[in-house]
Amino acid sequence: MKPASFEYFAPTSTEEAQGLLEQYGEDARVLAGGQSLMPLLNLRLARPAVLVDLNRIGELDHVDLAPEGGLHVGAMTRERTVERSVLVQGHNPLLSAAVPLIGHTQIRNRGTVGGSIAHADPAGELPAVALALDAVMVVKGQTDRTIQADDFFETYYTTALRPTEILTDVRFPAWSANRGWALQEVCRRDGDFALVGAVAHFALSESGACEDPRVVLFGVGERPLRATEVEKAIVGRALDPNVLTEAGSIAAREVDPDGDVHASAEYRREVAAALTRRVLAEALEKANQAG
């Protein structure tokens with residue numbers, strides 16, 4: 001199929017792009033990598049009157065180390081660029097490990113960090129990692145603002161972005177070298193969206209107790225889920241097999257997944273429990289090695 005007709009603009013600055021969105025409002029859609037939007041256009045599930053293409057805005061394509069040690073990633077940075085970045089590998093290994101799980105190489109060559117996060121697929125890796133890492137979204141509009149990841153993702157394919165706003169940067173906080181981390185997912189085939197996924201990272205105290213844990217599950221609801229009850233159960237405790245089993249059971253109770261043609265709700269709940277145990281165990285092994 002072919003998309004319905006639309007007016008096309010290719011601005012060369014964020015100011016020009018934001019001005020176009022102000023002019024056309026809800027009639028306009030932003031084109032980033034196009035890996036999600038183009039199929040919707042071709043199937044005519046999306047019919048914008050105006051398409052604002054961000055691909056000529058060079059200022060949105062960058063990976064920088066902030067003075068405080070965090071990573072600032074431009075919204076138009078290709079996923080493949082992040083995947084191959086030595087800077088990302090050294091300063092945020094969790095982000096580096098997540099990107100190769102996105103689709104296939106051809107997808108990552110065109111897909112962008114900002115496009116994936118703004119698309120907000122609840123089974124997507126980058127929204128889950130952004131939530132797990134407490135990332136901050138930098139947004140340009142009539143008034144520029146920043147949005148915490150927990151406030152950015154609202155429901156299925158819906159974020160706190162307004163129709164006249166552009167996501168320009170994603171800021172990942174400084175990464176502590178002594179943290180353990182892991183990301184695992186279950187897919188029907190390599191490159192598919194996750195049926196269920198789990199992300200975890202934490203530090204260990206001198207006594208070996210879990211400190212400052214973050215556990216996020218994805219593919220189990222309308223947005224990535226911060227598993228706060230799991231975090232409460234493991235903080236301050238040594239992650240022995242009994243604690244890991246307990247954490248998995250809590251995760252199964254904390255999620256409320258939908259069933260579909262790919263997996264039942266019961267299956268997703270069981271997989272969420274298993275992946276929670278596995279990512280915590282893997283993160284523990286890495287934390288011990290780092291220590």
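The values are calculated or read from the model by the stated rules, or taken from the named source; none is laboratory data. Remember, it's a predicted structure, so these values are computed and weren't measured experimentally. Note that we place each Cβ from the backbone using ideal geometry, even for glycine, and neighbour counts take in every protein chain shown.
Among the residues of the stretch 180-197, is there at least one that is of a type in the set (V, I, T) and buried (at least 22 other Cβ atoms within 10 Å of the Cβ)?
For the stretch 180-197, residues of a type in the set (V, I, T) and buried (at least 22 other Cβ atoms within 10 Å of the Cβ): present.
For G197, which of the numbered conditions (1) on the phi < 0 side of the Ramachandran plot; (2) assigned to a loop (DSSP other than H, G, I, E, B); (3) within 18 Å of the chain's Cα centre (by Cα) fails to hold?
Against the list (1) on the phi < 0 side of the Ramachandran plot; (2) assigned to a loop (DSSP other than H, G, I, E, B); (3) within 18 Å of the chain's Cα centre (by Cα), G197 comes up short only on (2).
Can you tell me which of (1) of a type outside the set (A, V, I, L, M); (2) farther than 15 Å from T112 by Cβ; (3) part of a strand (DSSP E or B) is the one R29 doesn't meet?
Only one criterion in (1) of a type outside the set (A, V, I, L, M); (2) farther than 15 Å from T112 by Cβ; (3) part of a strand (DSSP E or B) is unmet by R29, namely (2).
Looking for something touching a residue at least 40 places away in the same chain (Cβ under 8 Å) and under 16 Å from R29 (Cα atoms) - is there at least one such residue anywhere in the stretch 121-139?
No - not one qualifying residue is present in the stretch 121-139.
Listed here are the residues, each with its yes/no results for (1) within 20 Å of M137 (Cβ to Cβ); (2) among the β-branched types (V, I, T).
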residue	(1), (2)
E22	yes, no
V82	yes, yes
V86	no, yes
L95	yes, no
L101	no, no
I107	no, yes
G114	yes, no
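Determine whether L21 is farther than 30 Å from E7 by Cα and part of a helix (DSSP H, G or I).
In short, no.
Given E83, E59, E68, which one is within 30 Å of A290 (Cα to Cα) and in contact with a Ser or Thr (Cβ under 9 Å, 6 or more places away or on another chain)?
Every option except E83 fails the conditions.
With the checklist (1) within 26 Å of P173 (Cα to Cα); (2) at pLDDT below 95 in hand, flag the one item H62 doesn't pass.
Failing condition for H62: (2).
Out of everything in the stretch 5-52 that is within 30 Å of D192 (Cβ to Cβ) and among the small types (G, A, S), what residue ends up being surrounded by the most Cβ atoms within 10 Å (Cβ to Cβ)?
A32
May I ask you to say which residue of T146, T168, T158 is among the hydroxyl-bearing types (S, T, Y), under 30 Å from E270 (Cα atoms), outside the structural domain of A274 (by TED's automatic domain parsing) and at pLDDT 95 or above?
Details: T146 fails: under 30 Å from E270 (Cα atoms); T168 fails: under 30 Å from E270 (Cα atoms).
None of the other options fit; the residue is T158.
Which one of the conditions (1) of a type outside the set (G, A, S); (2) under 30 Å from R145 (Cα atoms); (3) surrounded by 18 or more Cβ atoms within 10 Å (Cβ to Cβ); (4) touching a Phe, Trp or Tyr at 6+ places or on another chain (Cβ under 6 Å) does C210 fail to meet, given that it meets all the rest?
(2)
For the stretch 240-270, enumerate the residues that are hydrophobic (A, V, I, L, M, F, W, C), farther than 21 Å from A128 by Cβ and surrounded by 12 or more Cβ atoms within 10 Å (Cβ to Cβ).
Of everything in the stretch 240-270, just one residue is hydrophobic (A, V, I, L, M, F, W, C), farther than 21 Å from A128 by Cβ and surrounded by 12 or more Cβ atoms within 10 Å (Cβ to Cβ), namely V243.
In the stretch 86-137, how many are among the aliphatic types (A, V, I, L, M), under 11 Å from the mean Cα position of the chain (by Cα) and not in a helix (DSSP H, G or I)?
Here the count works out to 5.
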